[in-house]
Amino acid sequence: MTNYPDNVATLGGVVTRIIPMPDRILVEPIESDTKTPGGLVLPDVARERSSQGRVVTVGKNLQDLINRGDILRFEKFAGTDLKIDGKQYKLLRDHEILCIERDSKESV
């Protein structure tokens, strides 16, 4: 995988320059499970909205705190939904982020 600068995102296999406003973060939502613990398949309307996502690119005010690839937790209805090249993304404001998940070896 090629490493691009923080404000360059690969969307749909195409390198696209996405520059969020200074206090915003573009994330790719991590979808919830499609099956219950008992093995029942959930239809789309029964699934919960995603409340976590992987960082694609970060506004300049947040680059010291948030890195590409970090997992962010946010409220279910936070952010603005975007569809780019048929793929879903969320554009979040910094105050909508509840926490950052990282490998235990990394520090914030």
Next on the checklist: For the stretch 54-63, check the following and say yes or no: at least one residue is part of a loop (DSSP other than H, G, I, E, B) and at pLDDT 85 or above.
Outcome noted: yes
Next on the checklist: Cβ contacts < 7 Å: first residue surrounded by fewer than 20 Cβ atoms within 10 Å (Cβ to Cβ), restricted to the stretch 88-100; second residue part of a helix (DSSP H, G or I), any location; separation 6+ or different chain. Result?
Outcome noted: D94/L62
Checklist outcome for this item: For the stretch 64-87 the number of residues that are without any contact (Cβ under 8 Å) to a residue 60 or more places away in the chain and assigned to a strand (DSSP E or B) is 8
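The values are calculated or read from the model by the stated rules, or taken from the named source; none is laboratory data. Please read all numbers here as calculations on a predicted model, not as lab measurements. Note that we place each Cβ from the backbone using ideal geometry, even for glycine, and neighbour counts take in every protein chain shown.
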